[in-house]
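Engineer: This is the structure, below, for whatever I ask next.
The values are calculated or read from the model by the stated rules, or taken from the named source; none is laboratory data. Computed from a prediction, not measured in an experiment: that's the story for all the values here. Cβ placement follows ideal geometry from the backbone for every residue including glycine, while neighbour counts extend to all protein chains displayed. The protein model used for the area step is the full one, side chains on, heavy atoms only, and it has no ligands, DNA or RNA in it. Shrake-Rupley method; radii C 1.70, N 1.55, O 1.52, S 1.80 Å.
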Amino acid sequence: QVQLVESGGGLVQPGGSLRLSCAASGTIFSIADMGWYRRTPGEQRELVALITRDGSTNYADSVKGRFTISRDNAKNTMTLQMNSLKPEDTAVYYCNVNDQISVARIRVYWGQGTQVTVSS
């Protein structure tokens, strides 16, 4: 089993920055895609950013140019650097990890969530 620990959330003013971190540990086979999702009350979970094993990235249009996702395969960690934060970025952010067990089997893991609040 894989355990995910998230950190880095908090309260910031509009225009500020935060860095979220996700650390994976346990019985890891081979982590494929990793990503960050967010959810606000009454809304569907939204993909914020994803990153593949080799570093290819994809971002939601709403955060493109402001957020940067990265990973360290040696450390099994992932970060989300969030700059120029807006009130609409306020949400609970969740780390997602896909562990490739075999050619045809992937185990999906989720972090506990970390609150990001952007307010003046």
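Engineer: Could you state the accessible area per residue of the chain in Å², with a 1.4 Å probe and every protein chain left in place?
Structural biologist: Here the per-residue accessible area is 53 Å².
Engineer: Using unit Cβ charges (K, R positive; D, E negative) and no other charged atoms, how large, in debye to the nearest 20, is the dipole of the chain about its Cα centre?
Structural biologist: 120 debye
Engineer: Compute the FRET efficiency between S30 and D61 as 1/(1 + (r/R0)^6), taking r as their Cβ-Cβ distance and R0 = 25 Å, and round to the nearest 0.05.
Structural biologist: 0.25
Engineer: Rounded if a/c is under 1.5, else prolate if a/b beats b/c, else oblate: with a ≥ b ≥ c from the C-alpha gyration tensor eigenvalues square-rooted, which is the chain?
Structural biologist: Working: a/c = 1.97, a/b = 1.86, b/c = 1.06.
Here the chain falls in the prolate category.
Engineer: Shifting gears a bit: Lys/Arg Cβ at +1, Asp/Glu Cβ at -1, dipole of the chain taken about the Cα centre: which of Q44, Q81, G55 is farthest positive-ward?
Structural biologist: The listed residue farthest towards the positive side: G55.
Engineer: Work out, in µm²/s and without decimals, the Stokes-Einstein translational diffusion coefficient of the stretch 1-55 at 4 °C, 1.567 mPa s, Rh from Kirkwood over C-alpha pairs.
Structural biologist: On the way: Rh = 13.5 Å.
Stokes-Einstein gives a translational diffusion coefficient of 96 µm²/s.
Engineer: Return the single residue from A32, A24, A49 with maximal mean-square fluctuation; model: Gaussian network over the chain, springs between Cα atoms under 10 Å.
Structural biologist: A32
Engineer: Here is a follow-up. Rounded to the nearest percent, how much of the accessible area of the chain (1.4 Å probe, protein heavy atoms only) is carbon and sulfur?
Structural biologist: Whole-percent figure for carbon plus sulfur exposure: 48.
Engineer: So what is the relative contact order for the chain, in percent, with contacts set as C-alpha pairs under 8 Å and at least six apart?
Structural biologist: Numbers: 294 pairs, mean separation 42.1, N = 120.
That works out to 35 percent.
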